[in-house]
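> Sharing a structure below in C-alpha cells format, with a few things to ask.
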Amino acid sequence: QPALPASPLPSVLSLQSHCEALPLLRQPVLLALVGVNLGDWRQKTTQAKVQEILRDLGTLVDSAAAAQRELGQGCVSLLLQRLYEKASTFALHLQSFGGQEQVANGPLEEAPQLIPERNLRTIFETYKQLVRGKLHLLFADLQSDSCGEDRSWPGAPRPAQRPSSLAISWGQ
C-alpha cells in the first residue's frame, strides 16, 4: 500500500504567504463543518469514521475545484490545485485500506453540516482542521488497533469507553 504523504500541511499552507491577498469568491462554495467531539468520535465504528472523513474530503475537493475554476490562473489557483491534490490523495489512501465497498454501501450516519463560504482562507483552514483533527484521530485509532488489540477493519466496533467531555472544535 502506498505511504502517506509525509507532511501535507506546509506545502499548501506556507504558500499562502507567497501570494498577494486572497480574494473573496464571487460565488460561495460549500464547506463541511469538520470539528470533532471526542466522546462522539470514540463511539463511532472505524467504518463510520472513514465514511465521514471521505464525505468531508469530497466536499473539500469539490469546493477547491469550484474556487479554482472561478479564479482561473495565478498564485491562488496554484494553491487550490495543491490543496485539491493533497485532499484527493488522502481520499485515495483511505479507499485503499480495503473495505471501501463496505463503507460506500453502508448506511449514512447523518447528513453533513455544510456552510456557504466565499473566503478562500476558510477553505485552507478547513483542510488544516480536517488533517489535524479527524484524519489524525483516525490514524491514531488505526495505529492503536494494530499495536495491541485484535480487531478486524473496517467497521469493528470499539469497546465502550467513558465519554470524554473534551471536544475539539475549531472555529465553526
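> Below 12 angstrom from the Cβ of THR59, what's the summed charge of the other residues (Lys, Arg +1; Asp, Glu -1)?
Net charge in that neighbourhood comes out at -3.
> With θ set to phi - 60° and the Karplus curve 6.51 cos²θ - 1.76 cosθ + 1.60, what are the ³J(HN,Hα) couplings of segment 56-72 in order, to the nearest whole Hz, using x for Gly and Pro?
Result, rounded to whole Hz: 5, 5, x, 4, 5, 4, 4, 5, 5, 5, 5, 5, 5, 4, 5, 7, x.
> Return the lysines within reach of LYS86: Cα separation strictly under 16 angstrom, same-chain partners fewer than 8 residues apart disregarded; answer none if there are no such residues.
LYS86 reaches LYS128, LYS134.
> Name the long-range amide H neighbours of GLY35: under 5 Å, sequence gap of 5 or more, or other chain; modelled H, no Pro or chain starts.
TRP170
> Once the other residues with Cβ under 15 Å from the Cβ of GLU117 are scored (Lys, Arg +1; Asp, Glu -1), what is the net sum?
Here the charged neighbours net out to 0.
> Using a basic spin-label model with each label point 7 Å from the Cα along Cα→Cβ, how many nm lie between GLU85 and LEU33?
Once both label points are built, they end up 3.3 nm from each other.
Where a number appears in this text, it was derived from the coordinates with a stated rule and is not lab data. Computed from a predicted model, the values in this text were never measured in an experiment. When we count neighbours, we look across all protein chains shown, and the Cβ atoms used for this are built from the backbone with ideal geometry, even at glycine.
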